[in-house]
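These notes are about the structure you will find just below.
Every number here is computed from the coordinates shown, using simple stated rules; none is lab data. Quick caveat, the model's predicted, so the values are computed rather than measured. Heads up, the Cβs are rebuilt from the backbone with ideal geometry, glycines too, and the neighbour counts pull from every protein chain shown.
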Amino acid sequence: MSEQRGTGAAILATLRSRISDGEYRPGYRLPPQRALAEEFEVSRDTIQRVLNELKTEGWIESRQGSGSRVRATLPIHVSTQPKVSPGRTARAQAEAIRDGQIRAPERIALRLLLPSDTTELPYPRA
């Protein structure tokens, strides 16, 4: 298990990947903090920080005494993408997909809301 040993960021990425890949399905109860701490060879404090981050990002929900569960509706964003400065996001994502760090989405759903033809607009129509 020494190859799984790592920092909070590595553990966070691993757990996100397990959720997004379906290893931990919606409604699935995550292993107890002690078990995760032993698996990743870190302190429970590190695991608590990682789980709090997952909760903040919307991946899991937790209740004291009940443990943590994967949320029924997962966040839309690709969680395994590297954090980059604004303005370079699309380029960095394209490079990460090309390098195999993240998977390209299978599909993208887009919904456009257009004004009615009868609505007065403050600008000319094309």
Sticking to Cα atoms, compute the Rg of the range 2-70 to one decimal and its Dmax as the biggest Cα-Cα distance, whole number, in Å.
11.0, 31
Taking the highest mean first, how do the peptides 94-102, 51-59 order by number of other beta carbon atoms within 10 angstrom per residue?
51-59, 94-102
